[in-house]
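Values quoted throughout were computed directly from the atomic coordinates according to the rules given, and no laboratory measurement underlies them. The model shown is predicted, which means the values in this text are computed figures rather than measured ones. Cβ sites come from the backbone with ideal geometry, for glycine too, and all protein chains shown count toward neighbours.
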Amino acid sequence: MDLTGGSALSIALTFAASFVLSYYYHAIGITLGYHRLLTHKALKMPKWLTYLVVSGGYLVLMGGPVNWVGVHRLHHQKSDQPEDPHSPVQGGFKHALYGWMFTMADRQTNEELRRQVPDLLQDKGLCWFGVDHCAEQAKMCLAFCILFRFIILGLFGWAALAGNLVATFLVFWSPQLVNAVCHDKTQGYRLFDTRDESRNVWWVGLMALGEGWHNNHHAIPRSAQHGMAWWEFDVTWLTILFFEKLGLATDVVRPKYPPTRLAKVNASTGKRPLAPAEDDEPVEEPTGVQEAAKIETVVIASAPVVPDVAPVVKEPVGAGER
């Protein structure tokens with residue numbers, strides 16, 4: 001069924017609607033589903049909603065969620081060190097953008113991948129999409145993605161398919177740009193003094209629905225909220241708050257301190273003092289979600305310019321409403 005009706009206006013509206021809906025569905029699948037929910041356990045959602053959200057990431061060529069989480073947890077443990085799977089500091093921009101995808105089988109054995117994800121290995125639904133770095137699971141993901149586009153074409157027509165394809169292209173590259181741009185010390189700015197080169201980059205923050213506030217994330221990795229200054233727009237965080245209001249997101253992890261209580265720009269230097277972050281490299285044992293979701297404590301050193309902040313804590317629904 002073609003919804004365009006043939007007119008230029010209807011074609012344009014169908015394209016625009018498909019683009020917006022597809023962009024949000026696929027991007028939230030990565031940012032909320034793969035990243036903040038599965039990798040960092042920043043919240044809990046019902047199983048049916050988890051699968052629905054995660055499907056958006058899978059259908060934009062992110063591969064099996066278990067594999068994705070295993071790679072990302074390794075990234076946090078070895079951020080910008082030689083073992084980091086996609087650091088521009090170690091391998092350059094092209095490697096961080098796309099080269100790492102072709103070397104993961106050599107950089108992370110299947111045994112090490114499984115060691116990273118003991119929690120997800122208990123979920124048969126997620127494991128069905130693959131738990132190893134192998135070509136077969138990548139081919140299966142590609143096949144499902146192609147089938148999904150044929151369904152869009154059959155139900156809604158060419159304009160809807162075109163809108164989805166443009167959204168797919170942009171969303172696919174958004175996490176790769178987080179890897180490559182948001183660890184480039186020549187880009188963006190930092191609010192926290194983390195042990196890596198993570199940066200906050202405004203245009204990546206917008207494109208990746210809040211993931212571009214990457215320095216904040218590396219300073220407090222388990223927080224469900226990445227945008228912490230008033231100007232750091234975080235669509236994923238707003239989505240989490242919406243789900244929380246509906247009772248569909250629980251145990252949401254948030255910074256204890258209000259995000260507006262950041263250091264003020266020093267009048268003499270014109271720079272914002274960095275808030276020191278506790279060592280954000282998770283320990284090696286006993287591995288799994290405890291390390292990947294390790295709660296960080298932000299320690300404030302320069303009291304005259306930076307307000308005291310409290311550690312990130314897990315709070316029940318409704319707590320932290322200010």
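Would you please put 13-24, 121-132, 209-220 in order of how densely packed they are, using the mean number of other Cβ atoms within 10 angstrom per residue and starting with the highest?
209-220, 13-24, 121-132
Efficiency by 1/(1 + (r/R0)^6): what FRET value for L241 and V20, r their Cβ-Cβ distance, R0 = 22 Å, to the nearest 0.05?
It comes out at approximately 0.65.
Say each of A105 and C145 gets a label point 7 Å from the Cα, pointing the same way as Cα to Cβ; how far apart are those two points in nm?
Distance between label points: 1.8 nm.
Assuming 0.36 nm per residue, please report the length gained on full extension of the stretch F93 to K44 beyond their Cα-Cα distance.
That pair, F93 and K44, stretches by 14.2 nm at full extension.
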